[in-house]
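The values are calculated or read from the model by the stated rules, or taken from the named source; none is laboratory data. If you're wondering where the values come from, they're calculated on a predicted model, not measured in any experiment. Neighbour counts run over all protein chains shown; Cβ positions are idealised from the backbone, glycine included. In case anyone asks, the SASA skips ligands and DNA or RNA and just uses the protein heavy atoms, side chains included. Shrake-Rupley method; radii C 1.70, N 1.55, O 1.52, S 1.80 Å.
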Amino acid sequence: MEIVLDRGEPDILIPSEGTYPFVRGGVSSWIAQLIAGMPQYTFGIAFIGSRRADYSPTPLFEFPDNLVYIVQVYMFDSEEKPPITPMDGDPKAFEDVEKLHKWYRERDKGTPFPVEIQKLDFYLNTIDESMFLYSRESWNFILKKNQENAQDIPFIDYFWTVRNIHTPIWKMAKLAKFIGHRGKIVHSPSTGYAGFLATLLSHDNGRPFILTEHGIYTKERKIDLLSSSMVLHKKLEVFKESGEDNYIQKMWVNFFEGIGQMSYSRANPILSLFGVAKEMQIEYGAKAERCTVIPNGVDVKKLGATLEHRPKGVPKVITLIGRVVSIKDIKTFIRAIRITANEIPDVEAWIVGPDDEEKEYALECHELINILDLNDTIKFLGFQNIVDILPKSGLLTLTSISEGMPLVILEGFAAGVPCVSTDVGSCKELIYGGEDPEDKALGSAGKVCKIANPTELAEGYIELLSDEKRWYEAQRVSIERVNRFYTQQIFLDNYRAVYEDIFNKMDS
């Protein structure tokens, strides 16, 4: 644990898994927006990273005055483990672990979450890290589970998978103890490790726990697992089609589903950004009566001011604002640009975002550009101020295979840029209109395409860039939609009401 900032006690503590303040965009922008828009409250951040080397060495945001506390921990960095001390372990404690395993197997039947496992003391004293790592009872328990459930899996692979899955649990428990009573409310932007930390903190002293899921964390981890191994939380190689790999995948999926339901069992309210996400939360185990939708919002005044800087006509520029990582499916974007350039030779494609998170994937993208002879067409611009980029863009695009409610689409709308997107998260609601009949009646602000379909994406690009009447109609819809339904003021008013309601109940 390392203190980054300590200048007071926060009213609201936000566990931040791999986001603010060491990563830009997405959830990080949402956190920054929330803190800056609520000066009446003080905030704290518990940053949870994978490895220190995966993030910026220094914060990427200026800290507002009401951000008073930041602590950071890295789950998979090499650190001194407890000294190796052979011990017998506590059989009663492992009976409680057996209850947890039974709950994991039967949670879809409504089996209640074991009370013993809710307590922070369980992880710090009943079964501490030393007992987990070095006790005979732990060894025997893992051996027993391997024989019961996975005899075809080499024991060494099973053993280290169990170690890698569970090691962060003790780090979260230690972090919860370190944080102590800081934060009158804990507000997590995800389930996963951040949600688990929030659950521990909430159970420890009864503080309220608000959960806002931007994407459905469990679903996104499944996508990761379908494409790569999760050993030590690193993306390695695509899974082989073998029983061993499939079972290891299942162990990780069950783990993330389980800690997701731990968060759902404690959090109230449980918030999502759009209707489909709310339905998925309920499907994954959240109680429907706790679930509410609060959409994102953007500063329409600031972004709308960029309209006066737009050139006449429609710029033949297609802009993808996002990290160069596999979940954003940049390769499909590159292939779509090859098709588009065959029809519109003077088209340009801009990729605006960092490319150092998945370096191997970024290198493959550059190689694909070279193979498709697009070096003069596609430009990697790195991090840029969107206020400078959006007025020069004819289309915004998003080619991801998973999203929540992308702020970047709303930002583009506010700046008058239509969007061609894959059908992920809330993109269909944003582009074609949501459940509100008045929103739907506004019409289309672009086009929604199938995932991983470069031909369909290219057709959307060509259609909008080749037909100015169609483009200007999409621009009109985008501006009106964001100004009526997705403003920053609506967003902040909604969260202000949530906070005020909880604080009023605490005071009464």
Rh_Kirkwood(segment 54-184) over Cα pairs, Å, one decimal, evaluates to 17.4 Å
Magnitude of the Cβ-charge dipole (Lys and Arg +1, Asp and Glu -1) of the chain about the Cα centre, nearest 20 debye, reported as 480 debye
Sorting I127, A46, N149 by the position of each Cα along the dipole of segment 1-149 (Lys, Arg +1; Asp, Glu -1; all at Cβ), the one nearest the positive end of that ordering is N149
Per the 1/(1 + (r/R0)^6) rule, R0 = 22 Å and r from the Cβ atoms of R52 and K177, FRET efficiency to 0.05 is 0.55
By the mean-Cβ-within-10 Å protection proxy, highest first, 40-48, 348-356, 132-140 rank as 40-48, 348-356, 132-140
Summing +1 per Lys or Arg and -1 per Asp or Glu among the other residues with Cβ less than 11 Å from L124's Cβ gives -1
If each part is reduced to its alpha-carbon centroid, segment 390-469 and segment 285-340 end up apart, in Å, by 7 Å
Once amide hydrogens are built 1.01 Å from N within the peptide plane, the residues lying 5 or more places from G353 or on another chain with amide H under 5 Å from its amide H are G322, L381, G382, F383
Semi-axes of segment 1-98 from the Cα gyration tensor (sqrt of 5 times each eigenvalue, largest first, whole Å) come to 33, 17, 13
Of 289-298, 496-505, 418-427, 262-271, ordering from highest average Cβ density within 10 Å down gives 418-427, 262-271, 289-298, 496-505
Listed by chain and number, the residues whose amide H is under 5 Å from that of S50, excluding neighbours fewer than 5 places away on the same chain and using placed H, are M75
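Can you give the helix-only mean residue ellipticity at 222 nm for the chain, where every DSSP H stretch with n ≥ 4 adds -39500 (n - 2.57) and the sum goes over all residues, rounded to the nearest 500 deg cm²/dmol?
Calculated from helices alone, the mean residue ellipticity at 222 nm is -14500 deg cm²/dmol.
For the pair E360 and K505, what calculated FRET efficiency results from E = 1/(1 + (r/R0)^6), where r is the Cβ-Cβ distance and R0 = 51 Å, to the nearest 0.05?
Result of the calculation: an efficiency of 0.55.
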Sorted on mean Cβ neighbours within 10 Å (highest first), peptides 384-391, 149-156 come out as 384-391, 149-156
Sequence order, segment 158-166: Karplus ³J(HN,Hα) from phi using 6.51 cos²θ - 1.76 cosθ + 1.60, θ = phi - 60°, Hz rounded, Gly and Pro as x, gives 4, 4, 6, 5, 4, 4, 5, 5, 9
In nanometres, the difference between 0.36 nm per residue of separation and the alpha-carbon distance of N494 and I84 is 142.5 nm
Sorted largest first, the Cα spans of the chain on the principal axes come out in Å as 76, 57, 43
For E343 and K312, extending 7 Å from Cα along the Cα-Cβ vector and measuring point to point gives, in nm, a value of 2.7 nm
Counting only protein heavy atoms with a 1.4 Å probe and every protein chain in place, the carbon and sulfur fraction of the accessible surface of the chain in whole percent equals 51 percent
Sorted list, accessible surface of protein heavy atoms, 1.4 Å probe, largest first, for D299, D439, D88, D11 is D88, D299, D11, D439
Env charge @ G183, Cβ radius under 9 Å, K,R +1 / D,E -1, value +1
Taking segment 339-460, the equivalent ellipsoid from its C-alpha gyration tensor has semi-axes in Å, biggest first, of 26, 16, 15
Computed ³J(HN,Hα) along segment 300-312: with the Karplus parameters 6.51/-1.76/1.60, θ = phi - 60°, integer Hz and x for glycine or proline, the list is 5, 5, 5, 6, x, 5, 6, 4, 6, 9, 6, x, 5
Looking only at aspartates and glutamates whose Cα falls under 18 Å of K92's and that sit 8 or more positions away or on another chain, we get E116, D121, D128, E129, E137
Taking every other residue with Cβ under 11 Å from the Cβ of G49 and scoring Lys and Arg +1, Asp and Glu -1, one gets -1
Measuring from its Cα centre, segment 411-508 shows a charge dipole (+1 at each Lys and Arg Cβ, -1 at each Asp and Glu Cβ) which, in debye to the nearest 20, is 140 debye
So for R0 = 56 Å, FRET eff. of E468-W139 from the Cβ-Cβ r, to 0.05, ends up at 0.20
Once phi for every residue in segment 185-195 is put through the Karplus expression 6.51 cos²θ - 1.76 cosθ + 1.60 (θ = phi - 60°), the whole-Hz ³J(HN,Hα) values, with Gly and Pro written as x, are 10, 10, 10, 9, x, 6, 7, x, 5, 5, x
If every Lys and Arg gets +1 and every Asp and Glu gets -1 at its Cβ, then about the Cα centre segment 142-201 yields a dipole, in debye to the nearest 20, of 480 debye
With all protein chains in place and a 1.4 Å probe, K144 shows an accessible area in Å² (nearest 10) of 90 Å²
With every protein chain in place, the accessible area of R310 for a 1.4 Å probe, in Å² rounded to the nearest 10, comes to 40 Å²
